[in-house]
1. Could you count how many residues in segment 230-276 are under 15 Å from A166 (Cα atoms) and acidic (D, E)?
2. Restricted to segment 245-281, and to residues that are over 17 Å from the mean Cα position of the chain (by Cα) and among the aliphatic types (A, V, I, L, M), which residue is surrounded by the most Cβ atoms within 10 Å (Cβ to Cβ)?
3. So how many residues does segment 292-315 have that are closer than 24 Å to V197 by Cβ, over 24 Å from the mean Cα position of the chain (by Cα) and either in a helix (DSSP H, G or I) or in contact (Cβ under 8 Å) with a residue 24 or more places away in the chain (or both)?
4. Quick one: would you say I223 is over 19 Å from D40 (Cα atoms) and in contact (Cβ under 8 Å) with a residue 12 or more places away in the chain?
5. Hey, H162 hits all of (1) free of Cβ contacts under 8 Å to residues at least 12 places away in the same chain; (2) of a type outside the set (V, I, T); (3) closer than 20 Å to W248 by Cβ but one; which does it fall short on?
6. So which residues in segment 282-325 are surrounded by 18 or more Cβ atoms within 10 Å (Cβ to Cβ) and among the small types (G, A, S), if there are any at all?
7. For segment 267-291, give me the residue count where each residue is of a type in the set (K, R) and part of a strand (DSSP E or B).
8. Of the residues in segment 193-223, how many are under 20 Å from the mean Cα position of the chain (by Cα) and in a loop (DSSP other than H, G, I, E, B)?
Amino acid sequence: SSAFFAPIPGCPWRKAASHALNKVVEMKIVYAFPEASSPDQYAYNNIRSTLLERGHSIVDFDFVSLKERFGTEGMVAELRHLIDRERPDVFWHGIVDDELPPGILDELRDRDDLISIVFFSDDDWRIHNHSLHWAGHYNFGSTNDINAPAVYRQSGFRHLCHVQYAANPLIYHPRTVDRKYDVTFVGQAYLGRPQIVRDLLSRGIDVRVWGSGWNQFPELAGICGPPLSTEDMITTFCASRIVLGFAWCSVPSVAGGVIPQIKGRTFEYPACGAFQITYEDDRLYNYFDRNREVATFRNAADLADKVLYYLRNEKEREEMARAAH
């Protein structure tokens, strides 16, 4: 929309936008995301699958595996060949670091026959040391941090908008299973998560965890499992009385604390009909009613108190899960 987006210098954004809008019924998209075709990745289930469901066609470009195979120069050559052969309407880049050199990104940005889009997923902690350096190399972009567009505008970039994480309801929906777990968490064991799990166990709370890194803590050996497939993960959500939202970044703040981050999991839980207690973040209340659809915690002691309260109050817990769903 020309009312929202403004061009960046040298960018033929009007032509690119017009081209994309004319193809809105069905577009061919070069989907340049890490592990692009892995069905156990967030982006595969909630972005790639949804695009296919909407009638668009996808051409995968897994830059991680291609860079390992061919090196940067060879990977860029593969991308050029792919673009010339497939003639896509959109190039969509789930950027990780500096995997694609600025030259090829500018080349794609300046083409008249496609629109390039960047997907920034960690602006909560790396907008200043990463995203702002790359934003100008694309026609458009999205960020999952609702506060980030103002930062981009202050730096002269008006072609990025906020697009919050979400959940694909054709994949993430309730399963008919018994609630056999009291408290669960599926995800990596980083930055304070193991310590909180240990605290819950010390208070007699039955908690189970799955994901990478948990097996590095011998004291948690009896309650941890390996990473789960998407279907097994959803079944686990549905079989849990309480699911935990350790919703913060994988890197600490300058002061050494955690940086809150609204995860995709924040929406996958209620889509599956699960009741969640997640880390306190004022941005949550753009999407959920406080204490009617979501419960939050501030620290380990607060979490333990909330867990014990909601385990005792099944009716309230289930009503909140239904409201969130």
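1. Result for segment 230-276: 1.
2. Here the residue is A274.
3. Residues flagged as closer than 24 Å to V197 by Cβ, over 24 Å from the mean Cα position of the chain (by Cα) and either in a helix (DSSP H, G or I) or in contact (Cβ under 8 Å) with a residue 24 or more places away in the chain (or both) within segment 292-315 amount to 13.
4. When the stated conditions are applied, I223 passes them.
5. Here H162 clears every test but (1).
6. Once the filter is applied, which keeps residues that are surrounded by 18 or more Cβ atoms within 10 Å (Cβ to Cβ) and among the small types (G, A, S), segment 282-325 yields A295, A304, A321, A324.
7. Residues meeting the conditions: 1.
8. Residues in segment 193-223 being under 20 Å from the mean Cα position of the chain (by Cα) and in a loop (DSSP other than H, G, I, E, B): 3 in total.
The values are calculated or read from the model by the stated rules, or taken from the named source; none is laboratory data. These numbers come from a predicted model, not from an experiment. With ideal geometry, Cβ positions are generated from the backbone for all residues, glycine too; neighbour counts draw on all protein chains shown. Each accessible area value is taken on the protein alone, full model and side chains, heavy atoms only, with ligands, DNA and RNA left out. Shrake-Rupley method; radii C 1.70, N 1.55, O 1.52, S 1.80 Å.
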